[in-house]
Each structure stands twice: as structure tokens, then as C-alpha cells.
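Q: Sharing a structure here in C-alpha cells format.
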4 protein chains.
Amino acid sequence: MTSAIVLGGSRGIGKAISESLKDIEIDVFATSKKDIDTSDLDSVRKFLKKHTQTDILILNTGGPPPKQFLDITEDDWKLYHNQLFLGFCTILQNIKINDDGYIFLISSNVIKEPNEKLIISSAYRAAFSEVFKILSKNYAEKNINCINIAPGPINTDRTKELIENVKEFEKSLPMKRLGEPEEIGNFIKGIIENNVKYLSGVTINFDGANSNYVF
Amino acid sequence: MTSAIVLGGSRGIGKAISESLKDIEIDVFATSKKDIDTSDLDSVRKFLKKHTQTDILILNTGGPPPKQFLDITEDDWKLYHNQLFLGFCTILQNIKINDDGYIFLISSNVIKEPNEKLIISSAYRAAFSEVFKILSKNYAEKNINCINIAPGPINTDRTKELIENVKEFEKSLPMKRLGEPEEIGNFIKGIIENNVKYLSGVTINFDGANSNYVF
Amino acid sequence: MTSAIVLGGSRGIGKAISESLKDIEIDVFATSKKDIDTSDLDSVRKFLKKHTQTDILILNTGGPPPKQFLDITEDDWKLYHNQLFLGFCTILQNIKINDDGYIFLISSNVIKEPNEKLIISSAYRAAFSEVFKILSKNYAEKNINCINIAPGPINTDRTKELIENVKEFEKSLPMKRLGEPEEIGNFIKGIIENNVKYLSGVTINFDGANSNYVF
Amino acid sequence: MTSAIVLGGSRGIGKAISESLKDIEIDVFATSKKDIDTSDLDSVRKFLKKHTQTDILILNTGGPPPKQFLDITEDDWKLYHNQLFLGFCTILQNIKINDDGYIFLISSNVIKEPNEKLIISSAYRAAFSEVFKILSKNYAEKNINCINIAPGPINTDRTKELIENVKEFEKSLPMKRLGEPEEIGNFIKGIIENNVKYLSGVTINFDGANSNYVF
């Protein structure tokens, strides 16, 4: 039976992915902060002692609260450096992804079009996207896919915190609505259930035609 | 019943997409050059008189033979301007995509990492990718998705023509093999059968981790 | 003495470049539409009979009037295909750039962030940028630089035509003003007078921090 | 008199920039590791107590030695997180750039085409490029330019350490040679002496046509 670990699997996009994978009979471990907190490297290492391999790994974590550049403290940088970058690196350095497996990174469209309010997230998610791109070439030899999904505005608690007037904001979007977490879950499900293996080393905007950069 | 028009549907990637769509009970019209030849605008207009609407449209066409820049004639430019750009524009100006539909463009990864041998293809496929990106915002209002798939080395007759020693070439690829047309077909199938609608205005490298650009 | 041909050199950005080059004792031929009209291939070929070589070439031309996608005719596409793409290709196929020379392309930031109003320009300027990138590798062998400058909102007659209320628009820009054509001219002057030769195959946004894409 | 602080100004690219700026009568403080070590935040903060403002700032630092992903330790990540990212952030949070000034970031072309051997550098230089892009919009209000120069293979001690056979490597480059640090210095000089102010928020490949990505 195929196994999956979904980080941040107890809510939002992570939860939706977990449910989509369960739909196709995958044995999903949807982690919550109690299981692994990527902002705390001790927690990460502890998790990796018990969880040494998986077929599918979903690298997913929430982002920091919005903060002006001048107000970001050294502790803020270091905390989110762990949460958005170093925790993920530590996981990939230590976990075995089984041959023919998949790794999905849930990043954010701010990696391409960075956002002042989300400056920490823009920086560290971009940093990890570089690492992930490089590693995709190594994982390819074992037929393991690395797929970076960069969501735009998705209907999660976080978006509701970040956006003051969601109804008004939605009118400004090309699709006149936020994306649903389930759409990301189902997209991933479609890739896995159809055994799409040549899709790797790729960053996929998932933003309802909202971004402006041509590629 | 859902209908699809697959341009260049009689061989290669187009054929594979047609078969994947038939798998999910879509009524597919897989065109051959007899039905529509995008390099000939009269043929395009004739086709559009009979085929005025569809739910799903796959914009797909072969590329020109490799040619050195200095050897490309005005006629070459104009022929492939029609085939790779103007034919597709004419179609989108005239065909009705039904609400909640999908348009997939099969371009090439040369749009991001252009290739001397494929200079004509690099140019005009990039040009159409710009148009497609712009239109994705308009189509979004009718819940129609525009998804640009940019394949890398795929196991088609064309690749065999372009690459001298395919076996040797495959060893240089991260996955040690060409991609299969069926993988693209199945990827598209996965999107449609799972009703993934927030994925639009996006260019998706489909190249087995072969490209080097980070995004 | 160093020679330069500046296409579209009688006004706007082209004129400013011409003047900047004259400042550093370059023998500039600033062409007007009477000398060469890149939308007319016969005019291009006639020009190339008389002008067979240069040290510096500035590929520069105005863009089409804004037009909705559905209103663009086959003749429109073909006219601007010539003006923005095929004329430039024909020139590069036929003119000799002397060793250690420079070719500057004045494109537009719409090649990265395409614009509905400027759909024709977005498409064909991107197409030529692909060709230019490819050729940069060949020209490099003769120490000839290919530099693609992609201007944002510049204070030209054209911008005043495109933007309804320029004063209001300027307030929305990061620098609270349009760029001046002279800034582009002086930028190019600085590269040439300082003999900067390793800068090639590059696209340089020139937009006063206005674009949003990270690179 | 115009003042400049050039980080890492005692050797390589930093030294060349310092000398180019001195050429145009700028009062340059070319720092060495004794003055400020961006990998040590205490050193950074000490520096910032004495140096509270400047007209021109050059953010420049060496990169880490090549290391395989699996061999990178937590200490390595943290050291270079400081050196390539957090040190620069701390500087920009605390130093005053005088109105009409310039900030140049010397990053690397690995931010666009990441490199397995330079995985740490690819990650953190990309992260800081995101921050720099965001800040360019704020600095624009004070007519301060943020210009990210992304060098390719430059003739420095570092390149000689990274590349085994430099002579052989040079043959593989489009220009058949490494770039010279002076070319970067002179490029920057040309921008400043010509008062080019509308060039901001831009990443400029400086790699002799070596990169393959179209933009």
C-alpha cells in the first residue's frame, strides 16, 4: 500500500490534500504541529527518528504573520528560516523517499511575484524552491518526482486573516473567487492516480490566472 | 456529453491526449491535417465554419524542421508564423469555448530556454504563449481554464528526427528516458476528471526535471 | 571612428539614444521612416543594400495602437509581425556587425508581464527576444554584445497616447514619474564608453521598479 | 562629495568596483573582513554603529565552498544564512541610504539557474533577491535605485577554486573567456556617472551570454 506523509495536514491546504489522497486508497499520515513543527529542528529530528521513509511526501507549512521589513527581528528571521527552509532541508536530508515516489512542495506564488506584506515568506519559500529544483535532478534517477505548487489566493483561514475584505478582494480576481483547497488536493490526486511521472522539477502557479508574469 | 477538439490529434502527443480524453467518456474530435492545417488560414477558417464551439480545445501542432537562422527564408517565417501563431489566434478569435471549459496549449520548453536548432519554434511558440496568458484572464470570467503545457523531450517521431542518437541522448536526461506522450495525456485527463478549475494562466514545464531555470 | 545605426532614431527613445551616442563621438545614422520602415520588408531590403555593416546597431521601433484581441485583423497581425519581428530578423540576417560591436534591442516590459491592451506588441516583441537570446551566443564569438532593454513607462509621445491621465498614472508608479528617454540613452552610452563587454544575452527591465516579477 | 561603502571591497569583484568608483571621484570605503563580516551579526551591528549612512552601498560577499546537499550541516546553513542573507537584511534595516543614492547587490546567476555545487549560495542569494526586489519599490520613493547584478563566471580567485581546469572551461563559454571584475566595476561606474535613475528593481545577468533562460 502506498504511504504518504502530509505536513501541516490537519487544516487548510494540507488537510484537503490528505483527504484527496485517502480517496485513492493511500495510507496518509496527516501531521499536526504536535507530530512535527518545522520551525523547531528538534521536533523535526524527533519526527525523523520515527518516520524514516515514505512513498509520497507533501512539504507544507503555514506562513508568518505579515510584518513590515523594518519591524522584523533577528528572532523572526531565524524562526521562519527554520519553518520555511531549514526544517524542510533537514527532512529531505534524512528521510528516504521510496523509488517511484512523489514529493510535492506547497510554496506560494509570492516566490515569483514577491509581496511586501509577505516578505519573510517570499524570501524563504524562494530559497527552498531553489534547493528543491536542484534536488529534482537527483531524485529523477530514482523516478521520484519533485513538483512545486505555488498557490495564489486560496480559501483558507490564513487568507481570511491576511485579506481585510475577502468579498471585495474576490471581485478583483480573474475568476471572481478564491481557489478551494480541494482543487489543489484533487490536482495532486490526478497526478498520482494517473501515474504522471515525467512532470518534475517544475513550479506550477495555482492561482486562477491571477499572476501577471508570462511564465 | 462533454466535447473536445484535439488539433494534431492523429499522432504523437495529440493522439495520446485524444485517447486519454476518450477514457473519461469525452466526445473527442481528433483532427488530422485533412480537417485543419493551422499553417493555412483558409483551412482554419473553413474548419471554423463547421466547428463553432467546444467544451475542451487542445491547441497542438508540430514544429518546423531545424534550420540555421541565416538559412531561414521569408517564406519559412511566414509559414510557421501561420502554423504556430496566427492559426491559433484565428481559432480563438472565432470559436466559442463553452462555459466551464478548458483550453490546453501544447507548446514546448524552448519558450523558456530557446534553442538554436529550434529558433522558429522558440519564437512563435513564445509569441502565442504571451497571447494565451493575456486571454487566460478573460476566459477566467467564464470559468474556462487556459493551461500551457511546455513539453521537453517526449518520445515522438519528431524527437527521433531531431535527435541523432536517442539512446545516447536519454542517458543525459535526469530520468534517463524520454517522456511518453501518454503521460501528457494522462496529466490532462487528471485535471479534467478531477474538475481542477483554479489552475489557469500557468505554463507547466513537462520535461522530467531537465530544464535548468529555477521556475 | 565608431559607427552606429539607430532605427527609429528621429524621435522618442531612439532619438535620445542617438544623441547620447553622439556625445561620445560616435558616427550615428539615426534613421527615420523614410530611410527604413521595418513594417515593409522591401524598405528593409533596400536599406540593407546601402548599409551593409555597422559597429553598433540599435533595433528600435514603435508599437501598434492598442486593440482588443477580437478586433485584430489578419492584416494587423501581418503588419506588426513585419514591424516588430520579421524586419529585425531580416536585418540581422543581412547586416554585418563588426567585431567588438554592440546590438541593443529596445523591446518592452510587456514581454515579461504581457498587457491586454498591447497584445500584439507583447507577442511579437517576445518572439524577437527569443531570437535575440539565441543569436547572442553566436555573436559572442566575435565579441559582439546583444543587450535587450525592456522599458517600462517612458516619457514619449506614445505613452501619452496610451495613458489617458499621465499625471494620475505617474502617482501610481514607484518613482512617481515616467522614465526619461535620455536615461536609456545614457545607460547605453555608459556601457559603450566603459567598454563593458561581458554583458550579453541579457534582458534588462528599465522601468523604475515598476514590474512585480522577481527577476 | 559622494560616498560609497563597498562590502568585500578588498578583493575580486568588490575591489574592482571600488576602483571604478574612485575613478569618478567617489569617496569609497572598501571594507575587508576586519571591518565587517556579514556572517557574524555582531560584527555587522558594530559596523553599523560607526557607519550610519552612505550615498552608495554595494552589497557583496563571497560564497560558501561547494558542498553536497547531504553533507551540509545545520551550522553550515546558519553560517551562510547570516553571510548571504541576514547580514544584508540587518544592514538595510539600519543604514540610511541618502536620497538619490544607489544600492547594488552582487548576487550570482545561480539565483536563476541554480547549481548543485552551489546549493547554499543558490538558496540564500535568491532569498535576498526577493527582499531586494520588494524594497526597491520603497526605495524608489526617495529616488534610490536597487540594482541586482547576477554575475556568471568571473575571473576571481573563487572561480579558480571552483573550476578545475579554467582554460578548458573557458572554451565552453560563448565568449571563450571569463568575465573580468573590472567589467562589472565599469558597468556600475557607467550607471552612476551618467545618473541613470530609472533602472531599479531589476536583476541583470552579467555572464557573457552564458545563461540559457530567455529573460
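Q: Sum up the charges of everything whose Cβ sits under 14 Å from the Cβ of residue B:3, counting Lys and Arg as +1 and Asp and Glu as -1, but leave residue B:3 out.
A: Details: positive: B:22, B:50, B:96; negative: B:25, B:27, B:55, B:99, B:100.
Overall, the nearby charge balance is -2.
Q: Show log10 I(q)/I(0) for the protein assembly as shown at q = 0.06, 0.07 Å⁻¹, two decimals, from a solvent-free Debye sum over equal Cα scatterers.
A: -0.37, -0.52
Q: A further question on this structure: Using Cα-only point scatterers and the Debye equation, what is log10 of I(q)/I(0) for chain D at each q in 0.08, 0.15, 0.19 Å⁻¹, rounded to two decimals?
A: Scattering profile of chain D, log10 relative to I(0): -0.26, -0.97, -1.59.
Q: Would you tally the net charge around residue A:53, using a Cβ to Cβ cut-off of less than 15 Å, leaving residue A:53 out, and scoring K and R as +1, D and E as -1?
A: Details: positive: A:49, A:50, A:96, A:142; negative: A:27, A:55, A:99, A:100.
With Lys, Arg at +1 and Asp, Glu at -1, the neighbours total 0.
Q: Amide H neighbours of residue B:103 under 5 Å, counting only residues 5+ apart in sequence or on other chains, H built in-plane at 1.01 Å?
A: For residue B:103, the qualifying residues are B:57, B:145, B:146, B:147.
Q: Given Cβ point charges of +1 (Lys, Arg) and -1 (Asp, Glu) and nothing else, what value in debye, to the nearest 20, does the dipole of the protein assembly as shown about its Cα centre take?
A: Details: 104 positive and 116 negative charges, 0 e Å.
The dipole magnitude comes to about 0 debye.
Q: Next up: Highest GNM mean-square fluctuation, chain B, Cα pairs closer than 10 Å: which of B:86, B:59, B:48?
A: Taking springs between Cα atoms under 10 Å, the residue moving most is B:48.
Q: When the dipole is taken about the Cα centre of chain B, and only Lys, Arg (+1) and Asp, Glu (-1) are charged at their Cβ, what size is it in debye, to the nearest 20?
A: On the way: 26 positive and 29 negative charges, 39 e Å.
Value, rounded to 20: 180 debye.
Q: Something else about it: Average partner chain C-beta neighbours within 10 Å, per residue of A:118-126?
A: On the way: counts 2, 6, 4, 1, 7, 12, 7, 2, 13.
Mean partner-chain Cβ count within 10 Å for A:118-126: 6.
Q: log10 I(q)/I(0), Debye, Cα-only the range D:70-141, no solvent, q = 0.18, 0.26 Å⁻¹?
A: -0.75, -1.24
Q: Using a 7 Å offset from Cα along the direction of the beta-carbon, what are the separations from residue B:167 to the same position in each other copy, nm, ascending?
A: 3.6, 6.8, 7.5
Q: Using only the Cα atoms of the range D:146-215, build the gyration tensor, take square roots of its eigenvalues as a ≥ b ≥ c, and label the shape rounded, prolate or oblate: rounded if a/c is under 1.5, else prolate if a/b is larger than b/c, else oblate.
A: Numbers: a/c = 2.59, a/b = 1.86, b/c = 1.39.
Cα axes put the range D:146-215 in the prolate bin.
Q: Follow-up question, since we're still on this one. Mean Kyte-Doolittle of at least -0.5 and a Cα length of 20 Å or more along the axis: which whole DSSP H helices of chain B meet both?
A: Values: long enough: B:119-140 (31 Å, 0.42).
Qualifying helices, which must be both long enough and hydrophobic enough, are B:119-140.
Q: I've got another one for you. Within the range C:150-215, list the GluC sites (Glu not before Pro) lying in a DSSP loop whose Cβ has at most 10 other Cβ atoms in a 10 Å radius.
A: Values: sites: C:161, C:164, C:168, C:170, C:182, C:183, C:193; in loops: C:164.
Counting only loop positions with at most 10 other Cβ atoms within 10 Å, the GluC sites (Glu not before Pro) in the range C:150-215 are C:164.
Q: When DSSP beta bridges are limited to those with both residues in the protein assembly as shown, what percentage is antiparallel, rounded to the nearest 5? Intermediate values should be presented prior to the final figure.
A: Numbers: 0 of 96 bridges.
Percent antiparallel among DSSP bridges in the protein assembly as shown is about 0.
Q: Taking Cα centroids, how far is the range D:180-215 from the range C:108-138 in Å?
A: 20
Q: If you add up the charges near residue D:174, with Lys and Arg at +1 and Asp and Glu at -1, over every other residue whose beta carbon is less than 10 angstrom from its beta carbon, what do you get? Can you show the working numbers first?
A: Values: positive: C:137, D:176, D:177; negative: C:141, D:207.
Computed value for this residue: +1.
Q: Taking H as built 1.01 Å from N, whose amide H comes closer than 5 Å to the amide H of residue D:204, not counting residues under 5 places away?
A: D:148, D:149, D:150
Q: In the structure shown, do any of C:112/C:171; A:78/D:67; A:171/C:117; B:50/B:137; A:96/A:133; C:189/D:22 have a Cα-Cα gap over 25 Å, and if so which?
A: Numbers: C:112/C:171 23 Å; A:78/D:67 22 Å; A:171/C:117 21 Å; B:50/B:137 27 Å; A:96/A:133 18 Å; C:189/D:22 20 Å.
Where the Cα-Cα span goes over 25 Å, the pairs concerned are B:50/B:137.
Q: Name the chain B residue nearest the rotation axis between B and D, going by Cβ position, and give the distance in whole Å.
A: Residue of B nearest the axis onto D, distance in Å: B:213, 2.
Q: Can you pull a Stokes-Einstein diffusion coefficient for the range B:1-88 at 37 °C (0.692 mPa s), Rh from Kirkwood over Cα pairs, as a whole number of µm²/s? Display every interim value, and only then the final one.
A: On the way: Rh = 13.9 Å.
Once the numbers are plugged in, D ends up at 236 µm²/s.
Q: At R0 = 56 Å, how high is the FRET efficiency between residue D:1 and residue A:158 if r is their beta carbon distance? Nearest 0.05 is fine.
A: Numbers: r = 50 Å, r/R0 = 0.88.
Rounded to the nearest 0.05, the efficiency is 0.70.
Q: With +1 on the Cβ of every Lys and Arg and -1 on the Cβ of every Asp and Glu, and nothing else charged, how large is the dipole of the range A:114-176 about its Cα centre, in debye rounded to the nearest 20? Provide the component values of the computation, followed by the final result.
A: Details: 10 positive and 8 negative charges, 37 e Å.
Its charge dipole is roughly 180 debye.
Every number in this text was worked out from the coordinates using simple rules, so none of it is lab data. None of these values were measured; they are calculated from a predicted model. Note: ideal-geometry Cβ built from the backbone for every residue, glycine included; neighbour counts use all protein chains shown.
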